[in-house]
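Working notes, structure below.
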Amino acid sequence: MPAKLEFKNPAATASMIVEKDNKIYLVLRKHEPYAGMWALPGGFLDCDKECLEKTAIRELKEETNLIANTQDLELLCVNSSPTRDPRGHVIDHVYIVKRYKGKPKAGDDASRLELFPLDNLPQIAFDHGEVLEKYEAWRLKK
């Protein structure tokens with residue numbers, strides 16, 4: 001039996017960028033940190049139970065009622081600053097959701113779900129403003 005690792009490891013999250021009609025879906029957070037602020041839909045990996053792509057699909061459904069498959073995701077970036085989340089070191093894996101279905105509706109940790117134009121975003125939680133700047137650059141390359 002292999003020895004158990006004795007490292008202190010950061011948590012992992014998946015965040016999703018979902019675009020419709022040149023606007024981005026954002027959720028209004030119900031809970032701290034950043035309760036009452038807008039953020040990309042997303043959440044924590046269920047350790048030992050799922051891969052990050054499955055986390056993205058699960059969190060998308062829980063927070064927005066939208067359904068996608070793993071082949072509908074494209075990894076945009078990974079953000080690993082130890083100060084990006086006030087709860088501790090959290091590494092966020094940001095996915096672009098290229099195709100989805102379902103009727104948008106806020107759920108789980110989201111009190112509201114709204115579309116915002118990229119050029120008129122509200123104040124955004126975590127480092128999601130920087131993420132959306134990366135997304136805009138990605139869009140320009142396409």
Out of (1) free of Cβ contacts under 8 Å to residues at least 60 places away in the same chain; (2) buried (at least 18 other Cβ atoms within 10 Å of the Cβ), the one residue 61 does not meet is (2)
Taking region 117-135 and keeping only residues that are touching a residue at least 40 places away in the same chain (Cβ under 8 Å), farther than 16 Å from residue 13 by Cβ and not in a helix (DSSP H, G or I), one is left with 117, 118, 121, 122, 123
Note on region 67-99: residues free of Cβ contacts under 8 Å to residues at least 12 places away in the same chain and either surrounded by 13 or more Cβ atoms within 10 Å (Cβ to Cβ) or in a loop (DSSP other than H, G, I, E, B) (or both) are 83
Residue set 24, 57, 67; condition hydrophobic (A, V, I, L, M, F, W, C) and touching a Ser or Thr at 6+ places or on another chain (Cβ under 7 Å); output residue 57
task: Restrict the check to region 29-52 and report whether at least one residue is closer than 29 Å to residue 141 by Cβ, modelled with pLDDT of 95 or more, in a helix (DSSP H, G or I) and out of contact with any helix residue (DSSP H, G or I) (no Cβ under 6 Å at 6 or more places or on another chain).
output: yes
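The values are calculated or read from the model by the stated rules, or taken from the named source; none is laboratory data. In this text the structure is predicted, and so the values were computed from the model without any measurement. No Cβ is skipped: glycine too gets one built from the backbone with ideal geometry, and neighbour counts run over all protein chains shown.
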